[in-house]
Structure formats: C-alpha cells, structure tokens
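Novice: Quick one: this structure, given as structure tokens, is what I'll be asking you about.
The values are calculated or read from the model by the stated rules, or taken from the named source; none is laboratory data. Predicted model only: the values in this text are computed from it and were never measured. All Cβ positions, glycine included, derive from the backbone under ideal geometry; neighbour counts span all protein chains shown. With ligands, DNA and RNA removed, areas are computed over all heavy atoms of the protein, side chains included. Shrake-Rupley method; radii C 1.70, N 1.55, O 1.52, S 1.80 Å.
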Amino acid sequence: MIDLVSTNKSNDLTRYSDEELVQCFTDTRASGYFSELYSRYAHLSFGVCLKILKDETESREVVSDVFKILFSRLPSASVKSFRNYLYTISRNECIRKLRQRKAEAQKLSEWQRLENDATDFVENEGFYTLLDKEPSLTEEVQKAIGNLGREQQVCIHLFFFEEKSYRDISLKTGFTEKQVKSYLQNGKRNLGIALQEVLQRKNA
C-alpha cells in the first residue's frame, strides 16, 4: 500500500493529536503516522520498562516488542488514550519478560541440580552396585554408555569397569591427564542423567 504520509510532504504530523495519528494510521495503514507515535513515545515506553526490568538491554528489546504489538493491534483496537494504552502494553510486556526470566532461572537451577545429582549418582557406591541389584538394567547401561562420545566411552569403560587411574588411562589412550579428567567428568554427568531417566521410567 502507498504510504500516504511519505507521499505528501506538506503534512506536519507534529500538529496531530495522538488520537488523530492513531485514527489516520487505522484508516490508511500509512507508516508515517505510526512513526510519529514512535518518535513521541518510545522514550516513555523505555522509561517504564527500565523502571520495572532494571536492565537497559532488556528494556530496549521490550520497547521494540511493544511497538510491534502496537503496529499490529492499533487498527482494530478502540484506543481512547494512546499514552495509557502504550503504558499498559509496556507494563504487560515487562511482566511477561519477568516471568520468562524467572522461568529460565528456575530451569537453569533445575538443570544444575540434575547435573550435580547425576555426578553424585555415578560417583557413589550406588552406581557400582546398580547392576548387581538390577541386572535387568545391564542393557540400558551399555546403551547409555554407547550414546556417549567416543572419548567419553573409552574413559568411562577404563575407569569404572577396569578400575584404571587417570594416569593409567592417559598412558593407555594417549590422552593427557587433563583430557582424561574432562572426558570422565562430562561422561559421568551424561551417563548419570541417562541412568536416572532409566530408573525414573522403571519406577513410574
């Protein structure tokens, strides 16, 4: 669609009220009207977001989202006060962002806990006696090991099943002891997570 504002240089949009700009944008979809609203109120939206989020980068991102929402909603919305409508959208988007931030923090915390639990699981005696208590899990354990990277598989096998030391594994594989430690650490974590999932399915 032709942008009616950009094709009419005589239009002085600063003389328009907010509601007139909204109505003109609704009637014509000419982006110039919306750009004027953005010029007037982007700083206000940013101020609201910064007050709630306390983070400049996130606030700028939310302001961008707010005006995308406005661009989409304004033509079908019944707006009596653009300023109030803008404030409401900005506040709601900030609340959504805070909830997202909280959910991500909880997910990270749960993942870290799972990693720690998984490491504890393979470090303690329960791992060594698992197959004795649950011989039916032998295939699952071997499958879990088989899903590890090659280096992790080798180190896990030598460490747990052949009871080799870091130095022994280093001499046997050619890996440095630092690499052995890293492969074991990551392998044990991944293996622990996989085995916990197996046990959860079995006990479900």
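Novice: Of the residues in segment 156-177, how many are open to solvent by 30 Å² or more (accessible area, probe 1.4 Å) and small (Gly, Ala, Ser)?
Specialist: 2
Novice: Every residue in segment 160-200 that is of a type in the set (Val, Ile, Thr) and in contact (Cβ under 8 Å) with a residue 60 or more places away in the chain, please. Write out each step before concluding.
Specialist: As a first pass, look at segment 160-200 and keep what is of a type in the set (Val, Ile, Thr): 169, 173, 176, 180, 193, 198.
Residues satisfying the conditions are 193, 198.
Novice: Can you run down the residue pairs with Cβ atoms below 6 Å, 6 or more apart or on separate chains, where the first is in segment 1-23 and open to solvent by 50 Å² or more (accessible area, probe 1.4 Å) and the partner is modelled with pLDDT of 50 or more?
Specialist: Matching pairs, first to second residue: 1/29; 4/28; 4/30; 6/32.
Novice: Could you list, in sequence order, all residues of segment 46-64 that are buried (at least 17 other Cβ atoms within 10 Å of the Cβ) and at positive phi? Let's see the steps before the verdict.
Specialist: The first filter runs over segment 46-64 and keeps only residues buried (at least 17 other Cβ atoms within 10 Å of the Cβ), leaving 46, 48-50, 52-53, 58-59, 62-63.
Across segment 46-64, there are no qualifying residues.
Novice: Quick check, is residue 125 of a type in the set (D, E, K, R), at pLDDT 50 or above and either open to solvent by less than 90 Å² (accessible area, probe 1.4 Å) or under 30 Å from residue 194 (Cα atoms) (or both)? Please lay out each step first, then the result.
Specialist: Numbers: of a type in the set (D, E, K, R): yes; at pLDDT 50 or above: no; either open to solvent by less than 90 Å² (accessible area, probe 1.4 Å) or under 30 Å from residue 194 (Cα atoms) (or both): yes.
Judged against the criteria, residue 125 is not a match.
Novice: When you scan segment 26-36, do you find a residue that is of a type outside the set (S, T, N, Q) and under 15 Å from residue 93 (Cβ atoms), even just one?
Specialist: Narrowing segment 26-36 to residues of a type outside the set (S, T, N, Q): 27, 29-30, 32-34, 36.
Checking the rest, the ones that are also under 15 Å from residue 93 (Cβ atoms) come to none.
Checking segment 26-36: not a single residue is of a type outside the set (S, T, N, Q) and under 15 Å from residue 93 (Cβ atoms).
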